Amino acid sequence: MKDRKRNRMQNFDYSKDAIYFITACCKNRIHHFGNIIDGEMNLNEYGEIAKNQMEWLAEQYPYIKLHNYAIMPNHIHILIEINRDLVRAGRDLPQPRDLPLARDLPQPIKIKSISSIMGAYKTTTSKQIHLLGNQEFAWQRSFHDHIVRNEKRYYNIFNYITDNPKRWKGDTFNTQTNPNFEADE
């Protein structure tokens, strides 16, 4: 598949400290996570799983900070930061007389890439949704990412995520109102 468009920026380390804007869609943009009523997202049991697993990411990976996210009927948006200083700040340095043996020191944490983090999110979310009986649930292959490079862009994205439910009727991911929508193959 040499003509296939690259999903990620070439020669960029996606485990690098940065803020990333991620969008991931349900396969064929099927509304699995709930619905929007009066501009507010009402999560169903699958949407609650998507939300809980979002929070789980920040607990599972101490170098991650969730700045904002939205669970929509058929997709998610995340403004997520990888920041190694979060791990360093969380550790108390031993006093000289209390220095442990080398074997007792905590091992350095391997920082996962955004692709690995999203893989963990999609896998754990899918597994829990399937366990509740929704065998039809699947994520669209891959996800869209954007590396946030400045403060203005950050606030535009933050507000976009926050306001996404209010703009649902005109959303490009809304299969019911987008006349140009085409299902994934």
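What follows is calculated from the coordinates using simple rules that are stated; it is not laboratory data. Every value quoted in this text rests on a predicted model; they were computed, and no experiment measured them. Ideal geometry is used to build each Cβ from the backbone, glycine not excepted, and the neighbour counts take in all protein chains shown.
A few comments on the model shown:
- Packing rank of 137-147, 68-78, where each peptide gets the mean count of other beta carbons within 10 Å, highest leading: 68-78, 137-147
- Integer Hz, Karplus 6.51/-1.76/1.60 couplings in order for region 51-58, x for Gly and Pro: 5, 4, 5, 5, 5, 4, 4, 5
- Contour excess over end-to-end distance, with Cα ends at Gln10 and Asn156 and 0.36 nm allotted per residue: 50.1 nm
- Difference of contour (0.36 nm per residue) and Cα-Cα distance, Ser115 to Lys169: 16.5 nm
- Put simply, the Cα atoms of region 104-175 extend 54, 42, 19 Å along their principal axes, the longest span coming first.
- Cα gyration tensor category, rounded, prolate or oblate, for region 119-160 with a/c compared to 1.5: prolate
- 3J(HN,Hα) along region 78-86: 9, 10, 10, 10, 9, 8, 4, 5, 4 Hz, from the Karplus curve 6.51 cos²θ - 1.76 cosθ + 1.60 with θ = phi - 60°, whole Hz, x for Gly and Pro.
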